[in-house]
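Step one of this worksheet: look at the structure below.
The values are calculated or read from the model by the stated rules, or taken from the named source; none is laboratory data. This structure is a prediction, so every number in the text was calculated from the model and none was measured. As a convention, Cβ positions derive from the backbone with ideal geometry for all residues, glycine included, and neighbour counts pool all protein chains shown. What goes into the accessible areas is simple: the full protein's heavy atoms, side chains included, and nothing from ligands, DNA or RNA. Shrake-Rupley method; radii C 1.70, N 1.55, O 1.52, S 1.80 Å.
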There are 2 protein chains.
Amino acid sequence: MPNKNAFYAQSGGVTAVINASACGVIETARKQRRHIGKVYAGRNGIIGALLEDMIDTGKESKAAIAALRHTPGGAFGSARYKLKGLDENRAEYERLIEVFRAHDIGYFFYNGGGDSADTCYKVSQLSKKMNFPVQAIHVPKTVDNDLPITDTCPGFGSVAKYIAVSTREAALDVASMAKTSTKVFVLEVMGRHAGWIAAAAGLAGQTRADAPHVILFPEIPFDKGAFLARVKQCVEDYEYCVVVVSEGAAYADGTFLADAGTTDAFGHKQLGGVAQTIAQLVRDELGYKYHYAIADYLQRSARHIASKTDVEQAYAVGKAAVELAVKGANSIMPAIVRKSDKPYRWSIGTAPLARVANREKKMPRRFITGDGFGITAPCRRYLEPLIRGEDYPPYADGLPQYVALKNVAVPKKLKSQFVL
Amino acid sequence: MPNKNAFYAQSGGVTAVINASACGVIETARKQRRHIGKVYAGRNGIIGALLEDMIDTGKESKAAIAALRHTPGGAFGSARYKLKGLDENRAEYERLIEVFRAHDIGYFFYNGGGDSADTCYKVSQLSKKMNFPVQAIHVPKTVDNDLPITDTCPGFGSVAKYIAVSTREAALDVASMAKTSTKVFVLEVMGRHAGWIAAAAGLAGQTRADAPHVILFPEIPFDKGAFLARVKQCVEDYEYCVVVVSEGAAYADGTFLADAGTTDAFGHKQLGGVAQTIAQLVRDELGYKYHYAIADYLQRSARHIASKTDVEQAYAVGKAAVELAVKGANSIMPAIVRKSDKPYRWSIGTAPLARVANREKKMPRRFITGDGFGITAPCRRYLEPLIRGEDYPPYADGLPQYVALKNVAVPKKLKSQFVL
């Protein structure tokens, strides 16, 4: 096998541990000099390939690359940029191949969610058609936990831990003030179509009396009457009520509770503000004093309280991607395979991209309680191991020491420009 | 000195470390059996005294009391309940004294902010007038950091750390996505009249290029034109802009940017939603894609990332309150005295309550940069030591192990009922 260069890119919303996957890719590639030459990274994800704006990770010290393991965000820049279908915009794929050819890139590691799995799959297809050998390996990442086949998605465990911890903490606050102050606290969490993050809040409590008392999942159509009745009962029974609402919570007709009316590059609706919608509903209908929090980016960047399990898995899929590549794999994704719940044991398997792309894994109905407002014991068994363990970053003067890479550009070789 | 009982109550908004002060009070009192008999706590703060609904902390194990040090929220319940002036409602103060007399309470430890310092002061005054000897000691607590005399307020350092850490983390997220996604991120933080918490976000960055790029303080009237110009310049220079806005940010005429129109028991306006106001202003005027987070209660309950300095100081003021009491002090507050910035050294001094009550310490103008959007070097020197050190709670199965006390009621002795 000839010594080819590798191209690594981050895609879509970043996470607390996507850089841990980058760390796994780069550290492992550096040990495979016989197979892999340079590791280039896309500046701002796949856009960096299209614009031939790549970063030479070889210019980074060993310590800097190691520090990626504890640094949130996307160290090379990520992008919300979905390549269209091959028929619609073949030019973009051909440009990718042109850039890969110019820089002698034989390995494509694409670190993202469902959309990037799709792109990765298409690159592998086109590479065969164009007779230019690129091994396309998808490295799973998404806080939404909605990729199929893999037991969980790196990035999710840390958001889950952050939300479970924050819910437990805020609930203690609310409970202690409820007599004279806030009775209903609403926490808005991410999760456009799948309620995995909202479900994780359920780990904060054990009994029906514990917060969160109500979880609103995207999978369960919002029933205003049932919701208000539950909140009222809760305040009467426990003096307070903690509600966790997924940004994707929707009415039976599919309308989001909070529809901001704008869309992103993927055509997804931009959501936000559902916490306020819910809180005001509670005030208007029940008269309770409320507060609400919107975790937004704080939840997916909270490396300070990352799940150790998640960090390890994020690193492992990056490492496995390279190991699979040097063994000749193509059009594949390393996947996490659960071997047992207690003790939690897992290993790395593989999933063919044809079966990953554009499939969304929602919460199974059996993970949600009959009333639609909580999580079941099987759900708890599934989630618990994913938030286990702490993996604190190093601190100096009270703040976590996150690395900023040099991100030195690879000299361009092509004369042609590409317009996005 | 006769062996009298003590009454401890938590007041106002709780913090990540108010229970550390409770821990300091109770552990220290338990070592002073010659002076202090039982330590009773008010169920839901001062309301517990008025209703003669007190908790016998003696029923809690040594381990449970020790665990208060790492448990957020208010373990006995707190209250937003301000006693009126002596002339307006002498009955409340007389009721307090009646309950204290019935339960042989000679020490009153009131753990709160400016309002409770005022109450504490009035109790000490009335106690003299009624010739019933109650030593009233105020234990400082407030995330707003707005008490006078003391160098800082326990509770503030941990919020400050949470906000600085979260700002640094979210900024990495936004920076990595800015090319194709969110350009402006707005984080709303607490601070009704004083911008200390917002200022703490400034610790997240070192240079003008680092986030947060704009801080909106309550102390600086909001200048729409200057704000939008700064955001625009920021996005042009760095491709993104992080804005931290205090809930108390206001126009020159004093109107809050987000005025929800409701008030709490103290007559304070209930604020919230300023992040959305600011974010939509940016979109409407500059057209940038935005996201916003509202930390709300998450920030003041985030014991998982508490400042070690803050935890130590919270414990120390609780301990000092008891030590002062057994030495005969009255109408006083233990205060934190800063001896040097680097290395940070502090000790416990005292402040007479007459000088503490109802005075608000705002950010001095010299702590805010000339343009009104950032913090100065002297501010940084003041803030940095307060967030230093981590003090992680114990974890089990991925979640912090916070204690829930038994909170056994003290049998009532009075026949009379009191109506709040």
Can you tell me how many residues in the stretch B:143-171 are closer than 20 Å to residue B:244 by Cα and surrounded by 24 or more Cβ atoms within 10 Å (Cβ to Cβ)?
20
Only one of B:328, B:372, B:398 is at positive phi, within 14 Å of chain A (Cβ to nearest Cβ) and among the small types (Gly, Ala, Ser), namely B:398
Please list, ordered by residue number, the strands (runs of 3 or more DSSP E) wholly in the stretch B:202-263 having 1 or more residues that are among the acidic types (Asp, Glu).
B:259-263
Only residues in the stretch B:272-283 that are more than 12 Å from chain A (Cβ to nearest Cβ) and within 12 Å of residue B:185 (Cα to Cα) count as the first member; pair them with residues that are open to solvent by 10 Å² or more (accessible area, probe 1.4 Å) and assigned to a loop (DSSP other than H, G, I, E, B), Cβ under 8 angstrom, at least 6 apart or cross-chain, and list the lot.
B:278/B:257; B:282/B:288
Segments classed as helices (runs of 4 or more DSSP H), wholly inside the stretch A:32-128, with at least 2 members that are out of contact with any Phe, Trp or Tyr (no Cβ under 8 Å at 6 or more places or on another chain) and either on the phi < 0 side of the Ramachandran plot or crowded, with 22+ Cβ neighbours inside 10 Å (or both):
A:62-67, A:90-102
It is to be established whether one or more residues within the stretch B:54-76 are more than 16 Å from residue B:106 (Cβ to Cβ), among the aromatic types (Phe, Trp, Tyr) and touching a residue at least 40 places away in the same chain (Cβ under 8 Å).
yes
Give the residue, chosen from B:163, B:149, that is at pLDDT 95 or above and over 15 Å from the mean Cα position of the chain (by Cα).
B:149
Considering the stretch A:380-395, residues that are touching a Leu at 6+ places or on another chain (Cβ under 8 Å) and either under 15 Å from residue A:343 (Cβ atoms) or at the interface with another protein chain (Cβ under 7 Å from one of its Cβ atoms) (or both), and then whichever is most open to solvent (accessible area, probe 1.4 Å), we arrive at A:384
Mind checking which residues of the stretch B:31-81 are touching an Asp or Glu at 6+ places or on another chain (Cβ under 7 Å) and at pLDDT below 95?
B:80
Residue A:267 vs. criteria in a strand (DSSP E or B), modelled with pLDDT under 95, more than 11 Å from chain B (Cβ to nearest Cβ) and loosely packed, with under 14 Cβ neighbours inside 10 Å:
no
If I filter the stretch B:147-167 for residues that are touching a Cys at 6+ places or on another chain (Cβ under 9 Å) and either touching a residue at least 12 places away in the same chain (Cβ under 8 Å) or not in a helix (DSSP H, G or I) (or both), do I get at least one hit?
yes
Breaking point among (1) in a loop (DSSP other than H, G, I, E, B); (2) closer than 30 Å to residue B:223 by Cβ; (3) within 22 Å of the chain's Cα centre (by Cα), for residue B:381
(1)
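Against the definition (closer than 22 Å to residue B:398 by Cβ, open to solvent by less than 30 Å² (accessible area, probe 1.4 Å) and either out of contact with any Leu (no Cβ under 8 Å at 6 or more places or on another chain) or not small (Gly, Ala, Ser) (or both)), how does residue A:210 come out, yes or no? Quick ask: steps written out before the conclusion?
Numbers: closer than 22 Å to residue B:398 by Cβ: yes; open to solvent by less than 30 Å² (accessible area, probe 1.4 Å): no; either out of contact with any Leu (no Cβ under 8 Å at 6 or more places or on another chain) or not small (Gly, Ala, Ser) (or both): yes.
No.
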For the stretch B:353-379, which positions are surrounded by 12 or more Cβ atoms within 10 Å (Cβ to Cβ) and under 18 Å from residue B:121 (Cα atoms)?
B:353, B:354, B:355, B:356, B:357, B:359, B:360
Looking only at the stretch B:179-192, which residues are in contact with a helix residue (DSSP H, G or I) (Cβ under 8 Å, 6 or more places away or on another chain) and more than 7 Å from every other protein chain (Cβ to nearest Cβ)?
B:182, B:183, B:184, B:186, B:187, B:188, B:189, B:190, B:191
Residue that is nearest to residue A:309 (Cα to Cα) [pool: residues in the stretch A:5-31 that are under 17 Å from the mean Cα position of the chain (by Cα) and assigned to a loop (DSSP other than H, G, I, E, B)]:
A:17
Look through B:319, B:308 and report the one residue that is within 18 Å of residue B:110 (Cβ to Cβ), surrounded by fewer than 24 Cβ atoms within 10 Å (Cβ to Cβ) and not hydrophobic (A, V, I, L, M, F, W, C).
B:319
